[in-house]
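One structure is given below, encoded as structure tokens.
The values are calculated or read from the model by the stated rules, or taken from the named source; none is laboratory data. Quick caveat: nothing in here was measured; it's all calculated off a predicted structure. Neighbour counts run over all protein chains shown; Cβ positions are idealised from the backbone, glycine included.
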Amino acid sequence: MGTFLQVILRSLETGSLYALGALGIIIIFRTSNVTNFSHGVVAMFNTFVVTYFFMNWGLPLGVAILLGIISAIIVGILIDLVVIRHTKKVSEMGKQIVTLGLIMVVLGITPVLFGVDPLRLPKLIEQGNLSILGADISYNGLFNIVFGILIMVGLFYVLQKTKIGLAIRATASNEHTAKLMGVPTETVTLGAWAVAGALGVISGVMAAPMTSVTLNLMDEIQVNALVAVVLGGFQTFYGPVIGAYIIGVGRNLLLYYVSSVWGGQILYILILVFLVFRPYGLVGKKIVKKV
């Protein structure tokens, strides 16, 4: 029982990272109609910013993270203003290719600014463990789980209960109609890119202590976040989050109980089989066009 709970707790921590990434991707998709393949590398870049302020300027970690979030918001706004708004007449496929191009740009700029050597970023809570029914989890791991869930609950509250959320949902439903109804859709889109950037750097800061800050820091999170969006469905904001936690838990269970080598691949095969029978995802809806 203790071992099983240990795997579940560890899965919830990684699931929170995937969920933050998936939420950032789906917010941009629903407001800009763009699948942002560059979400991971932009998050990586801003995690480098956090690490730079922490290591080179000697700032407290909390202050460095705050500056990294500000950097992420600025970068997100710049991407929308400089790149995305100039693709209005570009096809949907063309917009996806533009975000793939952003990957190359960020991967080129990052080592020029921060070097090529791996960097270290410490945990927010360095020491301490909590024992739950024979399973141990670090205070930092517990913080990552709780903090990630609180961020998502807060965003869902904003989406469902506030005028800002209503504007976002209206833009997500039909941008042209929302604009006719007086919704400032361009401002909504700008805010979506800013929020997605902040979510990305938060997940990057959470992931960095588990490994090191390198160019491929966010690769696994980006892939699993994209899979979570497909699994959960593109029609809702909460579906990808559910998909992210399913992937986090399912992957670790398969790795521990089935195969430490093929567990991840087995999970992806199961997801592919599921999507064959339900291509619009767990909570997605089949879109029926009326003529």
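Laid out as a table, the results:
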read-out: THR47 being within 25 Å of GLY141 (Cα to Cα) and among the hydroxyl-bearing types (Ser, Thr, Tyr); value: yes
read-out: Which listed residue is surrounded by fewer than 21 Cβ atoms within 10 Å (Cβ to Cβ), without any contact (Cβ under 8 Å) to a residue 12 or more places away in the chain and either under 24 Å from LEU78 (Cα atoms) or of a type outside the set (S, T, N, Q) (or both), from LEU215, LEU159, LEU150, LEU226; value: LEU150
read-out: Of all residues making up the range 114-147, the number that are surrounded by fewer than 16 Cβ atoms within 10 Å (Cβ to Cβ), of a type in the set (A, V, I, L, M) and within 19 Å of ILE65 (Cα to Cα); value: 2
read-out: The range 254-270, subset outside any helix (DSSP H, G or I) and of a type in the set (Val, Ile, Thr), residue modelled with the highest pLDDT; value: VAL258
read-out: Residue in the range 54-68 that is surrounded by fewer than 19 Cβ atoms within 10 Å (Cβ to Cβ), touching a Phe, Trp or Tyr at 6+ places or on another chain (Cβ under 9 Å) and touching a residue at least 60 places away in the same chain (Cβ under 8 Å) present; value: yes
read-out: Per-region count, the range 162-179, residues loosely packed, with under 12 Cβ neighbours inside 10 Å, assigned to a helix (DSSP H, G or I) and of a type in the set (Ser, Thr, Tyr); value: 1
